[in-house]
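Please read the structure below before turning to the comments.
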Amino acid sequence: MQFNNLLFEEVNNIGKVTINRPDKLNALNNETFRELSTLFDYIYKSKTIFVVIITGAGEKAFVAGADIKELSVLDSKAGVEFSQFGQSVFNKIENCNKPIIAAVNGFALGGGCELALASHIRLASENARFGQPEVNLGIIPGYGGTQRLARQVGKGLAMEYILTGDIIPAPEAYRIGLVNKVYSSEELLAKANEMAEKIISKGKYAITASLKTINAVDNLSLEDGLKFESDEFGNCCDTAEFKEGTSAFLEKRKANFER
Ligand code: COA
């Protein structure tokens, strides 16, 4: 697939999405959002992509935010639409039926931090820097940052980072649970690939069911979440991969799941 602002390749069932505006530190303009929307529709339907890695082009930035030039002209009506469109694309990413690993290779500010938060797993390079600095521009995060940052690191820390606009260096992001792991810049993509391959080696239905049930934590009460979990657990028990996984264990061999 060809895009103006994205690179996309599929290798060994891993879809690699690179935000590709390095001269603008991969800032997300409207066209990039439209392209992400199209690409994630494709990824959702794909029968050959099992895991997705998102990263940024160049060595400096994952994504340095929404395109400030485009947002500088918004009025209140256009601002609501701008925010809702970005949210809809990031919702599409969060609700994707394939695991999304953000390989955060530099600045992840504003919309970049929000893109990482909408991804399922965040791996960061040592030079990654997160933050929601929108207050410096007289706005608030509009692509889910107020909600997802608070859910990820807790309301108190989200208040601090959003109210001060402070940058969060990778070690601090790791300490507060914003990122899962930190690697050197040289290692980051290889480690993301390694994790993707590990996930691909598991039962496919179980991976999708895990995504759905963990994502539900934001929308369901504990009671409803537990019911959802039991239903999905039951669905897993009907699959061939369940038979293969349990048989392999009992026969003391490695499970060989169908792709
Ligand atoms: N929107 C539009 N353009 C952006 C951008 C953004 N969010 N972030 C960076 N750019 C552009 C710069 O305007 C510059 O373009 P130019 O060369 O045509 O002037 C280019 O990317 C390089 O950025 P620059 O600021 O020169 O790099 P730096 O290393 O000095 O600073 C940052 C890096 C990330 C600290 C700085 O670019 C920055 O603060 N960006 C905005 C971050 C932000 O507020 N994000 C939230 C937006 S809601």
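The table that follows gives values for the structure above.
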item	result
Qualifying positions in region 20-35 - more than 12 Å from the ligand (Cβ to nearest atom) and either within 13 Å of G110 (Cβ to Cβ) or not polar (S, T, N, Q) (or both)	E31, F33, R34, E35
Residue within region 192-201 that is of a type in the set (D, E) and not in a helix (DSSP H, G or I) present	no
Tally of residues being in a loop (DSSP other than H, G, I, E, B), touching a residue at least 12 places away in the same chain (Cβ under 8 Å) and either in contact with a Phe, Trp or Tyr (Cβ under 8 Å, 6 or more places away or on another chain) or not polar (S, T, N, Q) (or both) across region 116-141	7
Residue within region 142-163 that is modelled with pLDDT of 95 or more, within 16 Å of the ligand (Cβ to nearest atom), part of a loop (DSSP other than H, G, I, E, B) and more than 17 Å from the chain's Cα centre (by Cα) present	no
Some residue of region 41-53 being in contact with a Phe, Trp or Tyr (Cβ under 8 Å, 6 or more places away or on another chain), on the phi < 0 side of the Ramachandran plot and either of a type in the set (A, V, I, L, M) or surrounded by 18 or more Cβ atoms within 10 Å (Cβ to Cβ) (or both)	no
Out of S184, S221, S201, S210, sole residue that is among the hydroxyl-bearing types (S, T, Y), in contact with an Asp or Glu (Cβ under 7 Å, 6 or more places away or on another chain) and more than 16 Å from the ligand (Cβ to nearest atom)	S184
Residue check, K60 farther than 18 Å from I140 by Cα, near the ligand (Cβ under 10 Å from one of its atoms) and surrounded by 14 or more Cβ atoms within 10 Å (Cβ to Cβ)	yes
Hits in region 26-50 (condition: under 16 Å from N5 (Cβ atoms) and charged (D, E, K, R))	E31, R34, E35
Restricting region 104-139 to residues that are within 22 Å of G79 (Cα to Cα) and among the charged types (D, E, K, R), the residue that is farthest from the ligand (Cβ to nearest atom)	E114
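The values are calculated or read from the model by the stated rules, or taken from the named source; none is laboratory data. All values reported here derive from a predicted model rather than from experimental measurement. Note: ideal-geometry Cβ built from the backbone for every residue, glycine included; neighbour counts use all protein chains shown.
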